[in-house]
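Asks: Here you go, one structure.
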Amino acid sequence: MPASRVKSPHLLVAESGADREGHGLKRTMGLFQLVCFGVGAIVGTGIFVGLSDSVAEAGPAVVVSFVLAAITCVFTAFAFAELGGAIPVSGSSYSFAYAGLGERTAFLVGWCLLLEYGVSVSAVAVGWSQYVNELLDTVLGVQLPHALSAGPGDGGAVNLPAVVVIALASVLLMRGVRESARATAAMAVLKLAVLLAFCAIGFYAFQDGNLTPFSPAGLGGIGAGTTAAFFSYIGFDAITTAGEEAKNPRRDIPVAILVCIGLVTLLYCAVAVAAIGAVGGDQVGNRPAALSYVVDRVTGSAIGGGVVAFGAVVAIASVVLAVMYGQTRILMSMSRDGLIPRVFEKVSPRTATPVAGTLIVGVVFALPAAFAPLDAVVNLCTIGTLATMAAVNVSVITLRRREPGLARTFRVPLYPATPLLGVGFCLYLMYETGGATWLQFAVFLAVGLLVYSAYGRRHSRLARTAVSADDAERVPQEA
């Protein structure tokens, strides 16, 4: 067995049962549900809460920042589309790296996915708490006590709403995928309607002068805004975690990924232009509930802002639901491979969901949601996500060479330029996160390597299978 312990795509598919019913999972998601699932995973905190941070960095040029972030995602989306159709399993980036780059790298990719999926759940839940207070204030004229709606880092004691939304998502996920998919679809349609209504209001009050100066902080501001805007796109790759629960994954997963990226990019740019054009970049920047503020200013009434706040509450809740779904499926794949404890791979025969894994994920990530501020994790989530995306682009290249005959329902266009550009954009945005984030990320990876060495490498089922095969080959020779 080579030191890298590469697992073939065919073995990944065979072990997961991806061409039939996989390990108790049921195929219930069609193309529409996959698109809604992708929109549900993407559109949330990044636009409802994070828009103000991006505008504060780039000003009206935030539109350029959104486009640059989208370009980064498009290059990588092509890679996910190719590998998601060729290797339709629940492990997403982790499984793709296992096939293309080997076990150690795959484990580190899975470790980084704890940032993209797990820790981002905490960040998203904190954003949900902010809009719950905004909604309560608009509708009832009251707010939750600060001590119960903010963590210690924000001057409170515990962020109770953030814990509640994670608990509700956990319960829904444990009930079954069909119920979760229906809820995600309904919430995705609702939040798209709210954002389109916001655009109509914003463009009604649009003033050209609010877009000047277009780029007050120059290229540096656009670069910083791009890094902040990238957080708004995190989650599109969650579609590939539905590989074993999609009805026709080889066809539908590539289509759903590309549709989601295109739809979300157009929506984000429209929302940003509408918001800044209506009240100006200075008014949008550094306001956690910027969209509600814009509607209140334009309409002169709190009713419109209340509708936006309600849309944000629904939107961010759907992100928590979709991202937690992705995290549990990735952990299930890692558990199947023996790299983490077996409790995560157990599927309930009654609900056809990983109940124990979902419960553990909910409890573990409710803790930082309760006690950590949103800003403390955004950059770390971003750099971890970019690292996994770079690994997926490299995996496309290595698998094209190692597995030229692999059935691919979608192929990355302009290969190999596209995946190489994807790696380049990812590295650029990683650089823009700053030295402090790089230091945190290095420590995070070092801990991951220790965990792999102490547990994953010794319990790897691929390694045990290889040893057993070697022993079987030696028996006749010794006899």
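The values are calculated or read from the model by the stated rules, or taken from the named source; none is laboratory data. Keep in mind the model is a prediction, meaning the values are calculated, not measured. Cβ sites come from the backbone with ideal geometry, for glycine too, and all protein chains shown count toward neighbours.
Asks: Within the stretch 271-293, is there a residue that is on the phi > 0 side of the Ramachandran plot, at pLDDT below 85 and surrounded by fewer than 24 Cβ atoms within 10 Å (Cβ to Cβ)?
Replies: Yes - at least one qualifying residue is present in the stretch 271-293.
Asks: On to the next question. Quick one: would you say V343 is assigned to a helix (DSSP H, G or I), within 28 Å of C199 (Cβ to Cβ) and of a type in the set (A, V, I, L, M, F, W, C)?
Replies: In short, no.
Asks: What number goes with the only condition from (1) modelled with pLDDT under 90; (2) of a type in the set (V, I, T); (3) touching a Leu at 6+ places or on another chain (Cβ under 9 Å); (4) crowded, with 18+ Cβ neighbours inside 10 Å that V142 does not pass?
Replies: (4)
One line per residue, one yes/no per condition, for (1) within 28 Å of G156 (Cβ to Cβ); (2) among the β-branched types (V, I, T); (3) touching a Pro at 6+ places or on another chain (Cβ under 6 Å):
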| site | (1), (2), (3) |
| --- | --- |
| V364 | yes, yes, no |
| M389 | no, no, no |
| L399 | no, no, no |
| P419 | no, no, no |
| V447 | no, yes, no |
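Asks: Listed residues T28, T45; which is buried (at least 24 other Cβ atoms within 10 Å of the Cβ), modelled with pLDDT under 85, out of contact with any strand residue (DSSP E or B) (no Cβ under 7 Å at 6 or more places or on another chain) and not small (G, A, S)?
Replies: T45
Asks: In the stretch 294-304, what residues are surrounded by fewer than 24 Cβ atoms within 10 Å (Cβ to Cβ), in a helix (DSSP H, G or I) and not basic (K, R)?
Replies: D296, V298, T299, A302, I303, G304
Asks: Please work out if T388 is in contact (Cβ under 8 Å) with a residue 60 or more places away in the chain, over 23 Å from Q440 (Cβ atoms) and polar (S, T, N, Q).
Replies: When the stated conditions are applied, T388 does not pass them.
Asks: Turning to a different aspect of this structure: Considering each residue of the stretch 74-91, count those that are more than 13 Å from I397 (Cα to Cα), buried (at least 24 other Cβ atoms within 10 Å of the Cβ) and either in contact with an Asp or Glu (Cβ under 6 Å, 6 or more places away or on another chain) or of a type in the set (V, I, T) (or both), and give that number.
Replies: Total meeting the criteria: 3.
Asks: Right, here's the next one. Search the stretch 124-167 for residues being among the small types (G, A, S) and touching a Ser or Thr at 6+ places or on another chain (Cβ under 7 Å), and hand back the single one that is nearest to V361 (Cα to Cα).
Replies: The qualifying residue nearest to V361 (Cα to Cα) is A162.
Asks: Let me confirm something: among L173, L195, L168, which residue is surrounded by fewer than 20 Cβ atoms within 10 Å (Cβ to Cβ) and part of a helix (DSSP H, G or I)?
Replies: Going through L173, L195, L168 in turn, just one is surrounded by fewer than 20 Cβ atoms within 10 Å (Cβ to Cβ) and part of a helix (DSSP H, G or I): L168.
Asks: Somewhere in the stretch 396-411, is a residue within 21 Å of the chain's Cα centre (by Cα) and assigned to a helix (DSSP H, G or I)?
Replies: Yes; the residues of the stretch 396-411 include at least one that is within 21 Å of the chain's Cα centre (by Cα) and assigned to a helix (DSSP H, G or I).
Asks: Quick one: in the stretch 429-446, which of the residues that are part of a helix (DSSP H, G or I) and touching a residue at least 60 places away in the same chain (Cβ under 8 Å) is nearest to E15 (Cα to Cα)?
Replies: Ranking the qualifying residues of the stretch 429-446, first place goes to L445.
Asks: Look at Y94 and say whether it is buried (at least 24 other Cβ atoms within 10 Å of the Cβ), among the aromatic types (F, W, Y) and over 16 Å from the mean Cα position of the chain (by Cα).
Replies: For Y94, the condition - buried (at least 24 other Cβ atoms within 10 Å of the Cβ), among the aromatic types (F, W, Y) and over 16 Å from the mean Cα position of the chain (by Cα) - is not met.
Asks: A follow-up question, please. Look at A238 and say whether it is within 25 Å of N379 (Cβ to Cβ), assigned to a helix (DSSP H, G or I) and modelled with pLDDT under 85.
Replies: When the stated conditions are applied, A238 passes them.
Asks: Which ones in the stretch 331-386 are surrounded by fewer than 23 Cβ atoms within 10 Å (Cβ to Cβ), among the hydroxyl-bearing types (S, T, Y) and more than 30 Å from V423 (Cβ to Cβ)?
Replies: S348, T351, listed by residue number.
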